[in-house]
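First the structure, in the form of structure tokens, and then the observations on it.
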């Protein structure tokens, strides 16, 4: 496993060591001890989630204002453009975002710590997305920032309007959203 820092140092790309031959491949998708060694962080993951989405489905930008969730995300089928937005007011990267392509081919994972809004858009015909979270889903604390907020100016790799849930269509503008201190 190797770690790459992104433009926001707390958001990390994790690349597993893949062992493959003509029979297929094997890799360790998570090892708590190795994760702690490489990131300097010990996290207890309490929930695993799995979603499947069609091309141009955009989910996000989501976060929980209480019971914040750190997320370790990866794609097992297809390809997505994954985005993390720093919403920690005291952070030097507050209001900045990073985007990373995750796919079944590159097998990358993205570590998104607590204090970030998260979203992704499917850029293949469909994608299956897995993520581990450090806290349980708490819908009463869930918040959404509008995916196309002009202040954030996320450069989503899509043409036209994405497919959105009602919740995502009604997200808050960045300046009106609840943030972390």
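Just so you know, all these numbers are worked out from the coordinates, no wet-lab data involved. Everything quoted here is computed from the prediction, not taken from an experiment. Glycine also receives a Cβ, built like all others from the backbone with ideal geometry; neighbour counts cover every protein chain displayed.
Can you give the FRET efficiency to the nearest 0.05 for residue 175 and residue 56, using r as the Cβ-Cβ distance and R₀ = 35 Å? Step by step, r from the Cβ atoms, then E = 0.85. Considering only DSSP beta bridges where both residues belong to the stretch 2-176, give the percentage that are antiparallel (nearest 5). Bridges in the stretch 2-176 that DSSP calls antiparallel: roughly 95 percent. Exposure proxy shown here: for 44, 149, the number of other Cβ atoms within 10 Å sets the order, fewest to most, as 44, 149. Once you order the gyration tensor axes a ≥ b ≥ c over the Cα atoms, which shape class does the stretch 90-181 get: rounded for a/c under 1.5, otherwise prolate or oblate by comparing a/b with b/c? Judged from the Cα gyration tensor, the stretch 90-181 comes out rounded (a/c under 1.5).
What full-extension length gain, to one decimal in nm, is calculated for residue 65 and residue 158 as 0.36 nm per residue of separation minus the Cα-Cα distance? The partial results should precede the final answer.
Details: separation 93, 0.36 × 93 = 33.48 nm, distance 2.84 nm.
Length gained, residue 65 through residue 158: 30.6 nm.
Where the centre of each part is set by its Cα atoms, how far does the stretch 132-150 sit from the stretch 3-60, in angstrom? A separation of 19 Å, based on Cα centres.
Debye-formula intensities of the chain, expressed as log10 I(q)/I(0) at q = 0.12, 0.13 Å⁻¹, are -0.54, -0.64 (one equal scatterer per alpha-carbon, no solvent). Relative contact order of the chain, taken over Cα pairs closer than 8 Å and 6 or more residues apart, is 28 percent. In the chain, the DSSP-assigned H stretches of four residues or longer account for a calculated mean residue ellipticity at 222 nm of -1500 deg cm²/dmol, using -39500 (n - 2.57) per stretch and the full residue count as denominator. Here the simple spin-label model places points 7 Å from the Cα toward Cβ, and for residue 2 and residue 30 these points are separated by 2.4 nm.
Look at the alpha carbon pairs under 8 Å that are at least 6 residues apart: their mean separation over the length of the stretch 29-106 gives a relative contact order of 22 percent.
Once a ≥ b ≥ c are taken as the square roots of the eigenvalues of the Cα gyration tensor of the stretch 1-82, is the result rounded (a/c under 1.5), prolate (a/b larger than b/c) or oblate (a/b not larger than b/c)? Oblate, because a/c is 1.5 or more while a/b does not exceed b/c. Using a cut-off of under 19 Å, list every residue of the stretch 130-169 whose amide N is near the label point 7 Å from the Cα of residue 106 along the Cα-to-beta-carbon line. The answer is 130-132, 154-159, whose backbone nitrogens lie closer than 19 Å to the label point.
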